[in-house]
Amino acid sequence: MRIEEVWPEWSVVGEPIGRGSYGVVYKCVCREGGEEKFSAIKVISVPRDDSDYSSLSAEKQENVRAEYREIVDSFLNEIKILETLKGHRNIVAIEDSKVVEKEDGIGWQIFIRMELLTDLEKYLKEHTFEKEDILRLGIDLCQALKACSEKKIIHRDIKPSNIFVDGEGNFKLGDFGVAKQLEKTM
């Protein structure tokens, strides 16, 4: 399934802007009333490749299906966490999501539409990083972590590739794929 089938008003612009272990991120545009809006849309396929699945026995297929469902549930948890943190200026904003079960074979596609940002690596190549930028980066990430802490969320994967910058120069924490929401604390 393609992005345009899920959200007909959105279309892909150019080549992918990012890749992960299960998904690809695209820059997309929506043109309405003479205006253009941009978003990043992550398309996740579970499994990444279903070529091996058809050769398994029925019993093994059911076990594999359960394993795939656990992976999908972990992505749904990421969406839930992003929804919980929505509105914080230092956390990547999710705008919409959709999970589609594949009709032919086994698996799912997960579509996550988020605000379009610049990844930190690209930002550093295009901007001179001054002392004030370093301080702002530290403060912005601390604000993001504080918001996570208040919601009892542990990110667990803070690294440069999970830091983004918006048009106003705000640093944002993203990729909550391995984050954990604490049920109870002592």
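What is the calculated FRET efficiency for residue 76 to residue 36, with r their C-beta to C-beta distance and R₀ = 45 Å, to the nearest 0.05? Here the calculated transfer efficiency is 0.90. Across 31, 65, 89, mean-square fluctuation computed from a Gaussian network of the chain (C-alpha pairs under 10 Å connected) peaks at 31.
Across the chain, the mean sequence separation of Cα contacts (distance under 8 Å, 6 or more residues apart), normalised by length, yields a relative contact order of 19 percent.
Residue-wise HN-Hα couplings along the range 94-106, as the Karplus relation 6.51 cos²θ - 1.76 cosθ + 1.60 with θ = phi - 60° gives them from phi, are 8, 10, 6, 8, 7, 10, 10, 7, 5, 7, 10, x, 10 Hz; Gly and Pro carry x.
Counting Lys +1, Arg +1, Asp -1, Glu -1, what net charge surrounds residue 70 among other residues with beta carbon under 14 Å of its beta carbon? Can you show the working numbers first?
Values: positive: 65, 69; negative: 62, 67, 73, 78.
Its environment carries a net charge of -2.
Quick one: length gained pulling residue 19 to residue 126 fully straight, 0.36 nm per residue minus the C-alpha distance?
Numbers: separation 107, 0.36 × 107 = 38.52 nm, distance 2.06 nm.
That pair, residue 19 and residue 126, stretches by 36.5 nm at full extension.
With the Cα gyration tensor of the chain giving a ≥ b ≥ c as the square roots of its eigenvalues, does the rule (a/c under 1.5 for rounded; else a/b larger than b/c for prolate; else oblate) give rounded, prolate or oblate? Here the chain falls in the oblate category.
Projecting the Cα atoms of 139, 74, 161 onto the charge dipole of the chain (Cβ charges, centred on the Cα centre) puts 139 farthest toward the positive pole.
Extension gain, residue 115-residue 134: 0.36 nm per intervening residue step, less the Cα-Cα distance, totals 4.5 nm. Across the accessible surface of the chain, with the other protein chains kept in place and a 1.4 Å probe, carbon and sulfur atoms take up 48 percent.
Within the range 1-124, what is the number of lysine pairs with alpha carbons under 15 Å apart, leaving out pairs fewer than eight places apart on the same chain? Write down the numbers at each step before the final one.
Details: 27/37; 27/42; 27/122; 42/98; 80/98.
Value for the range 1-124: 5.
The values are calculated or read from the model by the stated rules, or taken from the named source; none is laboratory data. None of these values were measured; they are calculated from a predicted model. Virtual Cβ from ideal backbone geometry, glycine too; neighbours counted across all protein chains shown. Ligands, DNA and RNA are excluded from the accessible area calculation, which covers all protein heavy atoms including side chains. Shrake-Rupley method; radii C 1.70, N 1.55, O 1.52, S 1.80 Å.
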